[in-house]
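Everything on this sheet refers to the single structure shown next.
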Amino acid sequence: MKVTPLLAGIGYAFLLSPLAIVALMSLSDDQYLTFPPHGFSFRWYVALAHNAAMLEAARTSLALAATVALIALLLGVPAAFALARGAAPAVVAGVLAAPLLLPTLVIGLGLLMVLQPLGLVATWPGLALGHLVVVLPFVVRLMMSAFAGLPPEMAEAASTLGARPWRGFVLVTLPMALPGLIASATLAFLVSFDETVISLFLVGPRLVTLPIALFRYTESRTDPLVAALAVVLIVLSATVVLVVDRLAGFTRTIARS
């Protein structure tokens, strides 16, 4: 038996074992989180489907993540194109990547101090702006990688045929960079949907995202509903990534960056 496949199997088993435990606990018939479960039931999935607070928080997170992903693409794609073509100073790339180097706790506190006097805390614009700060660097980095791999001759050919720069960008460059665009949108959506630390500083009683609702739920309860929600999120995230990878090569785009 070869050693490498064996070690790879052990590594995968080690990484996936917590997910298996969470999946088993989500099917528990107990009132509290215990392992191994004393019985199995789908009662906590039914309870999750009837939990109005969690469902409302999920709708908020979905709408917020979609909005942030769209804004991040509108801002990040032109910036990435300018950086990839050398039309912007290199220092701009460093500034855009700065949020990745800072702890999210520091970013959240800074956003709170800036947005509080403006009355944007516990509002949609404030929360979207906070998520955009951490999402935009991912979009710029991925799209820079996508644009850097494109031959500039195609856009130049469109220009020689009379296409204006913006038209050549939209009709030639963007379609060629479509895999990176889809991967960027997907990653931006997932990062925003999962953001917790910054949201803790910016949410309010009437504006709660799903990670914050889950965090508050676990402060007072320890039932398997949490595990059921975790399994649902894992399945949805894995499905999105697999579908996008089939369509646009998500993992290949991430690897190139």
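The values are calculated or read from the model by the stated rules, or taken from the named source; none is laboratory data. Computed from a predicted model, the values in this text were never measured in an experiment. Neighbour counts are summed over all protein chains in view; Cβ atoms, including those assigned to glycine, are modelled from backbone coordinates with ideal geometry.
Could you tell me which numbered condition Gly130 fails, if it satisfies all but one of (1) in contact with a Ser or Thr (Cβ under 8 Å, 6 or more places away or on another chain); (2) modelled with pLDDT under 90; (3) buried (at least 20 other Cβ atoms within 10 Å of the Cβ)?
(2)
Would you say Ala47 is surrounded by fewer than 18 Cβ atoms within 10 Å (Cβ to Cβ) and assigned to a helix (DSSP H, G or I)?
It is true that Ala47 is surrounded by fewer than 18 Cβ atoms within 10 Å (Cβ to Cβ) and assigned to a helix (DSSP H, G or I).
Pairs please, first residue from the stretch 13-35 and not assigned by TED's automatic domain parsing to the domain that holds Arg221 and surrounded by 13 or more Cβ atoms within 10 Å (Cβ to Cβ), second anywhere and part of a loop (DSSP other than H, G, I, E, B) and acidic (Asp, Glu), Cβ atoms under 7 Å, 6+ apart in sequence or on different chains.
Pairs that qualify, where the first residue is not assigned by TED's automatic domain parsing to the domain that holds Arg221 and surrounded by 13 or more Cβ atoms within 10 Å (Cβ to Cβ) and the partner is part of a loop (DSSP other than H, G, I, E, B) and acidic (Asp, Glu), are Leu33/Asp223.
Tell me yes or no: at least one residue of the stretch 182-192 is hydroxyl-bearing (Ser, Thr, Tyr) and at pLDDT 90 or above.
For the stretch 182-192, residues hydroxyl-bearing (Ser, Thr, Tyr) and at pLDDT 90 or above: present.
Take the residues in the stretch 117-127 that are surrounded by 14 or more Cβ atoms within 10 Å (Cβ to Cβ) and modelled with pLDDT of 90 or more; name whichever of them is nearest to the chain's Cα centre (by Cα).
By that ranking, first place goes to Leu127.
Failed condition for Leu75, given (1) aliphatic (A, V, I, L, M); (2) surrounded by 10 or more Cβ atoms within 10 Å (Cβ to Cβ); (3) without any contact (Cβ under 8 Å) to a residue 12 or more places away in the chain; (4) under 17 Å from Leu136 (Cβ atoms), with all others met?
Leu75 satisfies all of (1) aliphatic (A, V, I, L, M); (2) surrounded by 10 or more Cβ atoms within 10 Å (Cβ to Cβ); (3) without any contact (Cβ under 8 Å) to a residue 12 or more places away in the chain; (4) under 17 Å from Leu136 (Cβ atoms) except (3).
Out of all the residues in the stretch 214-237, which are in contact (Cβ under 8 Å) with a residue 60 or more places away in the chain and either farther than 20 Å from Arg43 by Cα or of a type in the set (Ser, Thr, Tyr) (or both)?
Across the stretch 214-237, the qualifying residues are Tyr217, Thr222.
Would you mind finding the one in Ala97, Ala93, Ala58 that is farther than 28 Å from Ser145 by Cα, assigned by TED's automatic domain parsing to the domain that holds Gly130 and either small (Gly, Ala, Ser) or not in a helix (DSSP H, G or I) (or both)?
Ala58
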